[in-house]
Amino acid sequence: MILIHMMTKRLFAALVAFTSIMATTPISAQELKQFTLEDLNFGGENYRKFIPERLYTTWWGDQLMYQDVEESGLIDMKTGKKRALFTLDDINGKTDGEKVRTLQRVSFPYPDKTLALVQSKTTRMLFDWSKCEVVWKQTCEGETETHWNKTSRTSAYVKDNQLWITNAEGKTKQLTTDGSREIVYGQAVHRNEFGIEEGIFWAPDGNRFAFYRMDQSMVTDYPQVNTFERVATYEPDKYPMLGMTSHKVTVGIYDCTNGNIQYLKAGDPTNRYFTNIAWSPDSKTVYMFELNRLQNDCQLVSYDATSGNKLKELYREKSDKYVEPMHPIVFLPWDSKQFVMQSQKDGYNHLYIYNIGTGAIRQLTKGNFVVEDFCGFNTKNKSVIIATNEANPIQRNIYTVDVKSGKRKSLDNSRGCHNASLSKSGQWIVDMYSEPDVPRHYDLVATANAKSLRLLTSKDPWEGYQQPIFESGSIKAADGTTDLYWRMVKPADFDASKKYPTVVYVYGGPHAHNVEASWHWYSRSWETYMAQKGYIVFILDNRGSENRGLEFEQATWHKLGKVEMLDQMKGVDYLKSLPYVDANRLGVHGWSYGGFMTISLMTNYPDVFKVGVAGGPVIDWRWYEVMYGERYMGTPDTNKEGIEACSLIPMAKNLKGKLQIIIGMNDPTVVPQHALSFIDACTEAGTQPDFFVYPGEGHNMMGHKSVHLHERITQYFEDYLK
């Protein structure tokens, strides 16, 4: 076992040790302030006071700009000093009607012009700070899913379910007439799977854009109900469950020069997924990944943007499990015939260089690590900037990679977790990072030689408060060989001679992780609240979670919950080996996939866990949505045995401990049918879960209701575990 240990704040004994050196009187743990959920929870009234300070920056070409609420300006890239260019009052003094409320979202779209793009609720405008005047504006009231093109200054957006544009002269045009809840335009499709986050994609020249059209008229309605009316009203969601009829997506191209719409001739869209749309540098060709419904056959295909005709298949990848395209191709700025593609085909997500005519050129990155982020290009030295976990599986560090040789060089301190924002040429990055004992730092880094300038050192926002002890380490998975990483949060006044009630916090599903080498080991603030009340909280990333490679992620394929439980129980074995963990007072809590895991652990190991709180839990994968569910579990026809084996309905009879299930009454992700069916099974079996519902809420509790939720979760453990 590898053990990495750190403490964020030493307690009374450590402070006393310094009294011979320091002239101040030590403060005991009891004298430090206590947190409330209003301080710790994102919906709390005081939450913003207790998160590390941020530096809001953006790039104006290769010049770094800062964005305060009421002021924006230059950051001297040699000294880090700020120089104001304009204020909120400067802009609002030149506008009519709705005022701009903050400059933290201002952008600088033109590297050679002193123009800032700012927006109020009703107006989009370009403010020339050298003249202190608004030089261009455009109405934006009522827009949703908006995509503005800096070249043509045309805005494409959705309004009243229809697709619209407003050009640079302010002329507005409605492009569609059949939009509705059943025919969806310009929005993310396929339930935001496959890396899809938007539905409008501008060509570089600003004269065309691609857009999604999703026909879900054939998809079954799930009967959600609005209970806030005097008589509850029917407000259904479109929700295709495993094996059921799914929606059909097509991709259209709108030409601003002639007003024509041409759909890509991709063939019958039935049971197919279209994702990761990209344009050629000359704006003549559209590229997208196409995936079959089984999600085991993926093709990269090019189309003529004018005719919609299919040009060629550039790449194909198959798998006996699944292929998961998550990123569009990106062309090299210095070679319009070559592009970077990301794939996990060698077992880890890596970068590959392809030619549009001749195909594969070479694999750019290679090794037993994951490229977590493609940040951009350095056009001067022809390199790419990436973030990987090659230094450590729970770190994220920034590297520059020479495109010709593939040689990598580090751009950071090789510790912690880093995120890079590149200048236009890629010669500079702003590196925002944290470490387990570093809340947040901002560095300006030259990508040519990794020389850095500190822009901001965030202070510890928890100073003066009683802080728990944060630790991290690793154990072996149930296979006996794979390293799994954990986090433990202990009370500030931890005493190893005592025994503590312990709660296992679990998620465990795909595309998520809970442990990383960032501030407090990536701890959720609720864990601090629990530690303050005298609990130990333990978190383990089991096999099936993200950023550990394909074999690690696909270990759970067609048997969700099974391998994850085996790994989580290895974590429990480790907890039981610790003399200060009370094995008779073990609890478990998780949300969504973690809710599924919570009930799985409570019913498969009923003598281990005394108390559980399951939020928004999946109960039976037959009732989950097509894209995510079929990728990992297949369909009731292709994996009937596996789906039945993972259902929690038959496990209801095994419940022994105290279990509280919490859901949003109008959850569109894990529909209420899951929790209600499990409760029904418990009534048939004679077991006794508790149940709480948030009317009108979705999959997660929003705003201040999140404070209420976490107090409720905490109180359940206080009532039955302590």
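Exactly one residue out of ASP89, ASP112, ASP96 is more than 24 Å from GLU169 (Cβ to Cβ) and either part of a strand (DSSP E or B) or more than 31 Å from the chain's Cα centre (by Cα) (or both), and it is ASP89. Residues of region 615-656 that are out of contact with any Cys (no Cβ under 6 Å at 6 or more places or on another chain), aliphatic (A, V, I, L, M) and without any contact (Cβ under 8 Å) to a residue 60 or more places away in the chain: VAL618, ILE619, LEU648, ILE649, MET651, LEU655. Figure legend. Inter-residue proximity from region 408-425: first residues within 15 Å of GLY376 (Cα to Cα), second residues open to solvent by 50 Å² or more (accessible area, probe 1.4 Å), beta-carbon distance below 7 Å, spacing 6+ or different chains. Indicated pairs: ASN419/MET432; SER423/ASP62; LYS424/ASP62; LYS424/PRO111; SER425/ASP62; SER425/THR379; SER425/LYS380. Per the conditions (1) in a strand (DSSP E or B); (2) open to solvent by 40 Å² or more (accessible area, probe 1.4 Å); (3) of a type outside the set (Val, Ile, Thr), the sole criterion not satisfied by PRO393 is (1). Residues being modelled with pLDDT of 95 or more and under 26 Å from the mean Cα position of the chain (by Cα) are entirely absent from region 122-132. Of all the criteria given as (1) within 20 Å of HIS513 (Cβ to Cβ); (2) small (Gly, Ala, Ser); (3) in a helix (DSSP H, G or I), the one not satisfied by GLY590 is (3).
Taking (1) surrounded by 18 or more Cβ atoms within 10 Å (Cβ to Cβ); (2) out of contact with any helix residue (DSSP H, G or I) (no Cβ under 9 Å at 6 or more places or on another chain); (3) assigned to a loop (DSSP other than H, G, I, E, B) in turn, GLY406 satisfies each apart from (1). Looking only at residues that are part of a strand (DSSP E or B) and aromatic (Phe, Trp, Tyr) in region 487-530, which one is surrounded by the most Cβ atoms within 10 Å (Cβ to Cβ)? Per the criteria, the residue is TYR505.
For region 175-187, filtered to residues that are surrounded by fewer than 16 Cβ atoms within 10 Å (Cβ to Cβ) and under 30 Å from the mean Cα position of the chain (by Cα), the residue that is farthest from TYR628 (Cα to Cα) is SER180.
Residues checked against (1) under 27 Å from the mean Cα position of the chain (by Cα); (2) among the small types (Gly, Ala, Ser):
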| residue | (1), (2) |
| --- | --- |
| SER452 | no, yes |
| THR457 | yes, no |
| PRO468 | yes, no |
| ALA477 | yes, yes |
| TRP486 | yes, no |
| ALA492 | no, yes |
| TYR500 | no, no |
| TYR529 | yes, no |
| ASN547 | yes, no |
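Only one of the numbered conditions (1) open to solvent by 30 Å² or more (accessible area, probe 1.4 Å); (2) touching a strand residue (DSSP E or B) at 6+ places or on another chain (Cβ under 8 Å); (3) assigned to a helix (DSSP H, G or I) is not met by LEU566, and that is (2). Looking across region 622-637, the residues that are in contact with a Pro (Cβ under 9 Å, 6 or more places away or on another chain) and aromatic (Phe, Trp, Tyr) come down to TYR628, TYR632. Which of the residues spanning region 127-144 are in a strand (DSSP E or B) and closer than 13 Å to SER155 by Cβ? Within region 127-144, TRP136, LYS137, GLN138, THR139, THR144 meet the criteria.
Any residue at all in region 312-320 that's polar (S, T, N, Q), buried (at least 18 other Cβ atoms within 10 Å of the Cβ), in contact with an Asp or Glu (Cβ under 9 Å, 6 or more places away or on another chain) and closer than 15 Å to SER343 by Cβ? Within region 312-320 (the criterion being polar (S, T, N, Q), buried (at least 18 other Cβ atoms within 10 Å of the Cβ), in contact with an Asp or Glu (Cβ under 9 Å, 6 or more places away or on another chain) and closer than 15 Å to SER343 by Cβ), the answer is no, since none of the residues qualifies. Among the residues making up region 643-665, those that are in a helix (DSSP H, G or I), open to solvent by 10 Å² or more (accessible area, probe 1.4 Å) and farther than 30 Å from LYS705 by Cβ are GLU644, ALA645, PRO650, LYS653, ASN654.
Here is a yes/no grid of residues against (1) open to solvent by 30 Å² or more (accessible area, probe 1.4 Å); (2) charged (D, E, K, R); (3) not in a strand (DSSP E or B):
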position	(1), (2), (3)
MET218	yes, no, yes
VAL231	yes, no, yes
THR250	yes, no, no
ILE253	no, no, no
TYR273	no, no, no
PHE289	no, no, no
GLN295	no, no, yes
LEU300	no, no, no
TYR303	no, no, no
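Scanning region 145-174 for residues that are in a strand (DSSP E or B), under 14 Å from PRO109 (Cα atoms) and either hydrophobic (A, V, I, L, M, F, W, C) or open to solvent by 70 Å² or more (accessible area, probe 1.4 Å) (or both) yields a single hit, TRP148.
The values are calculated or read from the model by the stated rules, or taken from the named source; none is laboratory data. This structure is a prediction, so every number in the text was calculated from the model and none was measured. Every residue, glycine among them, receives a Cβ derived from its backbone with ideal geometry; neighbour counts consider all protein chains shown. Quick note on the areas: whole protein, heavy atoms, side chains included, nothing else; ligands and nucleic acids left out. Shrake-Rupley method; radii C 1.70, N 1.55, O 1.52, S 1.80 Å.
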